[in-house]
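All remarks here apply to the structure that follows.
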Amino acid sequence: MIRRVTQDSSRQALLTALGVVLCLASTSCGKIADGGSQLPQASLAPAVEVAEKPSIEGKITLAGIDAASLRQVVDVGGNPFCTGHGEIIDSTWKVASDGGLANVVVTVEGSPRAANVPMEAPLVDQTHCEFVPHTLSVQPGQAVRFHNSDLTFHNIRIARHQLGSSHEGENLANLAQASQGDANTEIFSVPGIYRLECDVHRWMKAWIYVHDGIHSAVSAADGTYRMDRVLADGTYTVKAWHPQFAEPLSQKVTVTNGTAKADFAFSYAQAFQL
C-alpha cells in the first residue's frame, strides 16, 4: 500500500514557520542565485562529438498489478495554495492502462560524454506544488536549472540517493526558493542518482539521474523511450532503473545498422512496498 501524505494544523504551522526561515536565510529570495554549485564536483572525462540520431528504443512495462489501483490522490492537509489547482496525484507510480511505466531511466554502459549538448540547461520547475519533470537524466558536467513558478514558498533538498534503498541517502544541498520566480542553477559532475524533495510539501519528490555519458533516456507516460544519440554497431549492456526497485534491470542488446530495440518488464512484487 502506498503511503498517503497527511498534515494536521500543527504541522502546517511548523511548515509555515520553516518557509519564513528559508526566505530569511536565502540569498536568492525572489532572485536568481548565481553563487556557484553547492554540489560535490569532480574531474570530467573528455567529451566528444556524438551525432544526434535515433539508436535504441523500446517500452517499459509494470506487471503484477492493475494500473488503476496505483493511482493515489495526495492529501495536502488543506494547504490553501496547493488545493487551488485540483487533485495532486502521488508521483510514486505513473502507469498507463496497458502497464506502460513512465519515469524509468534507460542507460547504455560505456557511453561517452558528449561535447554537443544544448546550450540551455534543462529545467526542473516547481509548479502547482509538484516537480516537473519528475525524472531527468543528464551527463556529468551538465547544469540543471531549478525554478519556483508557484505563488508559495518551496525548498529543494538534494540528496545523493543510496542505490538499493527506497529513501536513504546523503543530503548535499538545500535550495530555498521562498518566492515565485526564485531560481538556482546546480552543476552535476559526479555520476549517480540524486533525489529532490521539498520539506515544506512532503509529497513533492523528483529524481535526477547523472549517467556516465550521453546515452540515456526517460520513459514517457505510455512507457516508451528512445535514445537520440548514435551508437556504433555492436553489443551493449542496457539498464533500466526506476526509484521503486532496489536494482535496475539489465540486458545485452545488439545494435545493427545503428539501431536496436530493448523492452523491459518490472514486476510489482519486487518493488518497495511503501
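Residues that are modelled with pLDDT of 95 or more and in contact with a Leu (Cβ under 7 Å, 6 or more places away or on another chain) were ranked within region 188-206; the one that is farthest from ILE56 (Cα to Cα) is LYS205.
Identify, please: which residue in region 130-172 is farther than 30 Å from LEU249 by Cβ and buried (at least 17 other Cβ atoms within 10 Å of the Cβ) and is, among those, modelled with the lowest pLDDT?
Going through region 130-172, the residues farther than 30 Å from LEU249 by Cβ turn out to be 145, 147-155.
Those still in the list that are buried (at least 17 other Cβ atoms within 10 Å of the Cβ) too: 147-148, 150, 152-155.
Details: HIS147: 96, ASN148: 95, ASP150: 91, THR152: 89, PHE153: 86, HIS154: 92, ASN155: 93.
Only one residue tops the list, namely PHE153.
Take ALA232 and decide whether it is at negative phi and surrounded by fewer than 18 Cβ atoms within 10 Å (Cβ to Cβ). Write out each step before concluding.
Working: at negative phi: yes; surrounded by fewer than 18 Cβ atoms within 10 Å (Cβ to Cβ): yes.
Considered against the rule, which asks whether it is at negative phi and surrounded by fewer than 18 Cβ atoms within 10 Å (Cβ to Cβ), ALA232 comes out as yes.
The set of residues in region 41-60 that are within 22 Å of the chain's Cα centre (by Cα) and crowded, with 18+ Cβ neighbours inside 10 Å comprises ILE56, GLY58, LYS59, ILE60.
Taking each residue of region 262-273 that is more than 21 Å from HIS215 (Cβ to Cβ) and looking for partners that are among the aliphatic types (A, V, I, L, M) and assigned to a loop (DSSP other than H, G, I, E, B) with beta-carbon atoms closer than 9 Å, six or more apart or interchain, yields TYR268/ILE65; ALA269/ILE65; GLN270/ALA246; ALA271/ILE65; ALA271/ALA246; PHE272/ALA246; GLN273/MET1; GLN273/ILE2.
Each residue in region 239-257 was checked for being surrounded by 14 or more Cβ atoms within 10 Å (Cβ to Cβ) and not in a strand (DSSP E or B), and 5 pass. Selection of strands (runs of 3 or more DSSP E) fully inside region 178-217 by the criterion of at least 1 residues being closer than 16 Å to HIS167 by Cβ, within 10 Å of the chain's Cα centre (by Cα) and among the β-branched types (Val, Ile, Thr) returns 192-197, 205-210. Only one of the numbered conditions (1) modelled with pLDDT under 95; (2) out of contact with any Leu (no Cβ under 6 Å at 6 or more places or on another chain) is not met by GLN244, and that is (1).
When VAL74, VAL108, VAL117, VAL124 are checked against the criterion of being in contact (Cβ under 8 Å) with a residue 60 or more places away in the chain, farther than 23 Å from TRP241 by Cβ, touching a strand residue (DSSP E or B) at 6+ places or on another chain (Cβ under 9 Å) and among the hydrophobic types (A, V, I, L, M, F, W, C), a single residue qualifies: VAL74.
The values are calculated or read from the model by the stated rules, or taken from the named source; none is laboratory data. The structure displayed is predicted, hence computed values, not measured ones. Quick reminder, even Gly has a Cβ in these numbers, built from the backbone with ideal geometry, and neighbours come from all protein chains shown.
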